[in-house]
Amino acid sequence: MAGDSVADFVVPIAYKINQHSHNLWSYKADPPVVQAQVSLSALLRVFLRTHYQCLRAAAGGRFTTWALVPSTKGRRGAHPIESLWNGGGLSRVPATVNPRHDPSSRDFHADWFRVDSPLSGHRTLIIDDTWTTGSRAQSLAYAIKQAGAASVVTVVLGRHLNPETRNNEDIINRLRAQRQFRIERCVLDETSSGPSRSP
Ligand SMILES: [Zn+2]
């Protein structure tokens, strides 16, 4: 991949299973399911508020900009994540898609997104809904770093685990049995060895 030039930290709020998984596709269905939007919006806002200090420490200071992964499939209109959170007063980094790449590619592409505005010294918060391979979010983080950003922290609402991948089945079964989600926990402050860096 692209070493230090992708997100400094990736912070999944939860795994994408059960009702949460349903919400993550239905909130942007056509028409969107309003109940899913309300649930995800509350989850995202409360998480950001509860963990603002962790996120800010990971970024090395307060955020100055935020960004959303542009649709690679030509979806028009407002970005679905805007129905959940409006950036809390941060200015949004404009990014465009390079149509040369397969819209459903699962690979990192250094030139998948284009960020023209200079971001020298900026600390950018990327919000995305689902993390599967991270190809899109990391390609966007790369473009933002190339534009000069000092740090990028990515928060994702749901970490998707492919059940066909080795070891994931066990994790999924354990998560299904757990039934308890605690918003006061995050990957940045729960590990004794300090924050987990993105790969
Ligand atoms: Zn935290």
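The values are calculated or read from the model by the stated rules, or taken from the named source; none is laboratory data. It should be emphasised that the depicted structure is a prediction, and the values quoted were computed from it without experimental measurement. Neighbour counts run over all protein chains shown; Cβ positions are idealised from the backbone, glycine included.
Go through (1) modelled with pLDDT of 90 or more; (2) touching a strand residue (DSSP E or B) at 6+ places or on another chain (Cβ under 7 Å); (3) within 30 Å of A150 (Cβ to Cβ); (4) surrounded by 13 or more Cβ atoms within 10 Å (Cβ to Cβ) and name the single condition Y52 misses.
Of everything listed in (1) modelled with pLDDT of 90 or more; (2) touching a strand residue (DSSP E or B) at 6+ places or on another chain (Cβ under 7 Å); (3) within 30 Å of A150 (Cβ to Cβ); (4) surrounded by 13 or more Cβ atoms within 10 Å (Cβ to Cβ), Y52 misses just condition (2).
Please enumerate the residues belonging to region 90-134 that are among the aromatic types (F, W, Y) and loosely packed, with under 12 Cβ neighbours inside 10 Å. Spell out how you get there, then give the answer.
Step one: of region 90-134, the residues among the aromatic types (F, W, Y) are 108, 112-113, 131.
Once the filter is applied, which keeps residues that are among the aromatic types (F, W, Y) and loosely packed, with under 12 Cβ neighbours inside 10 Å, region 90-134 yields nothing.
Go through (1) more than 15 Å from the ligand (Cβ to nearest atom); (2) under 20 Å from L125 (Cβ atoms); (3) in a loop (DSSP other than H, G, I, E, B) for L24 and report which single condition fails.
Only one criterion in (1) more than 15 Å from the ligand (Cβ to nearest atom); (2) under 20 Å from L125 (Cβ atoms); (3) in a loop (DSSP other than H, G, I, E, B) is unmet by L24, namely (3).
Residues that are within 16 Å of the ligand (Cβ to nearest atom) and under 17 Å from L55 (Cα atoms): find the helices (runs of 4 or more DSSP H) completely inside region 86-199 holding 2 or more of those.
187-190
Looking only at region 60-89, which residues are surrounded by 15 or more Cβ atoms within 10 Å (Cβ to Cβ) and more than 16 Å from K145 (Cβ to Cβ)? Even if it seems obvious, please write down each step before you answer.
Looking only at region 60-89, we keep the residues that are surrounded by 15 or more Cβ atoms within 10 Å (Cβ to Cβ), and these are 63-72, 79-81, 83-85, 87.
Correct list: L68, P70, S71, T72, H79, P80, I81, S83, L84, W85, G87.
Hey, among A147, A137, which residue is crowded, with 16+ Cβ neighbours inside 10 Å, touching a residue at least 24 places away in the same chain (Cβ under 8 Å) and in contact with a Leu (Cβ under 7 Å, 6 or more places away or on another chain)?
Of A147, A137, the one residue that is crowded, with 16+ Cβ neighbours inside 10 Å, touching a residue at least 24 places away in the same chain (Cβ under 8 Å) and in contact with a Leu (Cβ under 7 Å, 6 or more places away or on another chain) is A147.
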